[in-house]
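K.L.:
Dropping a structure here in structure tokens format, bear with me for questions.
The values are calculated or read from the model by the stated rules, or taken from the named source; none is laboratory data. For clarity, every value in this text was computed on a predicted model and none was experimentally measured. All Cβ positions, glycine included, derive from the backbone under ideal geometry; neighbour counts span all protein chains shown.
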Amino acid sequence: MNAALGRESYGANYSKSENQRTAYFWAGKPSTLVPCDQHYLAKQMSESILSIGLSNPKSPTNVGLIMRAAGCFEVSSVFYTGKRYDRAASFNTDTQNASLNIPLTWVPKLPGDINDNTRVVCVELVEGAIPLPVYQHPGNALYIFGPEDGTIDQKVIDRADSVVFIPTIGSLNLAAAVNVMLYDRLAKMPGRDCYKALIRESRDANNHAKVK
């Protein structure tokens, strides 16, 4: 896991300072580090080291949906533990074939061997956790999610740098929780003026709709 989480691919215009990388994700605080580049947002998504850890997942459908989300939000790699999920040759819910480009790797335990610059974030409904709307995402992160029918092991929670919960009435489906967390991370990034370019790059070829 260390090799995947230790990947860095910074362009010439971006500092490797941990403080600067983290500053990109401070919601409500415009960063002076934002370069005037229409592709800035896409670059920031791809240049962060972002991984997902699934604790003993059960459903191949959920994993397929998570792999699709991983492709949409520029996740570097996905790890999973446990024996319940048998790696499938294809994911019928991963319509963008993200699983062909993003590593899906079994590991004996989470968070495993990660580098010092990666923050461990557990996403779980537990007392004392930080509500997602006020959470400030780290630049490099491993987000760990519990199984569909259980919770993250207490030892993993104790090791986490942050524990976050999504304030909903009842609990979300595993894949839905991953999507919400990744979207929240994107929404809190600066560079909102770059969304037009991101829309053009991401929309379906048949999508020619416009807002008057």
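K.L.:
Going by the conditions given, is PHE165 closer than 24 Å to PRO60 by Cα and either of a type in the set (Lys, Arg) or touching a Ser or Thr at 6+ places or on another chain (Cβ under 9 Å) (or both)? Before you say what the answer is, go through the steps one by one.
P.N.:
Numbers: closer than 24 Å to PRO60 by Cα: yes; either of a type in the set (Lys, Arg) or touching a Ser or Thr at 6+ places or on another chain (Cβ under 9 Å) (or both): no.
For PHE165, the condition - closer than 24 Å to PRO60 by Cα and either of a type in the set (Lys, Arg) or touching a Ser or Thr at 6+ places or on another chain (Cβ under 9 Å) (or both) - is not met.
K.L.:
Now for a separate question. Looking at the range 43-60, can you tell me whether even one residue there is modelled with pLDDT of 85 or more, more than 24 Å from ARG159 (Cβ to Cβ) and polar (S, T, N, Q)?
P.N.:
Checked the range 43-60: at least one residue is modelled with pLDDT of 85 or more, more than 24 Å from ARG159 (Cβ to Cβ) and polar (S, T, N, Q).
K.L.:
Being under 17 Å from SER55 (Cβ atoms) and β-branched (Val, Ile, Thr): is that true of ILE130 here? It would help to see each step written out before you state the result.
P.N.:
Working: under 17 Å from SER55 (Cβ atoms): no; β-branched (Val, Ile, Thr): yes.
No.
K.L.:
Can you name every residue in the range 156-178 that is part of a helix (DSSP H, G or I) and surrounded by fewer than 18 Cβ atoms within 10 Å (Cβ to Cβ)?
P.N.:
If we filter the range 156-178 for residues that are part of a helix (DSSP H, G or I), which is where we start, we get 156-159, 174-178.
Within the range 156-178, ASP158, ARG159, ALA176 qualify.
K.L.:
Search the range 51-65 for residues that are assigned to a helix (DSSP H, G or I) and pair each with any residue that is of a type outside the set (Ser, Thr, Tyr) when their beta-carbon atoms are under 6 Å apart and the residues are at least 6 apart or on different chains.
P.N.:
PRO60/ALA88; ASN62/LEU174; ASN62/ALA175; VAL63/PRO57; GLY64/PHE91; GLY64/ASP94; LEU65/ALA175
K.L.:
Next up: Just one of (1) farther than 18 Å from LEU65 by Cα; (2) part of a loop (DSSP other than H, G, I, E, B) trips up LYS196, so point out which.
P.N.:
So the condition that LYS196 fails would be (2).
K.L.:
Of all residues in the range 99-130, which are among the acidic types (Asp, Glu) and exposed (fewer than 15 other Cβ atoms within 10 Å of the Cβ)?
P.N.:
Listed by number, the residues that qualify are ASP113, ASP116, GLU127.
K.L.:
Then there is this: In the range 139-155, which residues are crowded, with 21+ Cβ neighbours inside 10 Å, under 18 Å from ALA177 (Cα atoms) and not small (Gly, Ala, Ser)? Show your work before the answer.
P.N.:
So the first thing to find is which residues in the range 139-155 are crowded, with 21+ Cβ neighbours inside 10 Å, and the list is 139-146, 152.
Pick out the ones that are also under 18 Å from ALA177 (Cα atoms) and you get 141-146, 152.
Once the filter is applied, which keeps residues that are crowded, with 21+ Cβ neighbours inside 10 Å, under 18 Å from ALA177 (Cα atoms) and not small (Gly, Ala, Ser), the range 139-155 yields LEU142, TYR143, ILE144, PHE145, ILE152.
K.L.:
Pairs only if they're at least six apart or on different chains, beta carbon under 9 angstrom, first in the range 75-87 and under 10 Å from SER55 (Cα atoms) and of a type outside the set (A, V, I, L, M), second modelled with pLDDT under 80 and assigned to a loop (DSSP other than H, G, I, E, B); list them, first residue then second.
P.N.:
PHE79/MET1; TYR80/ARG87
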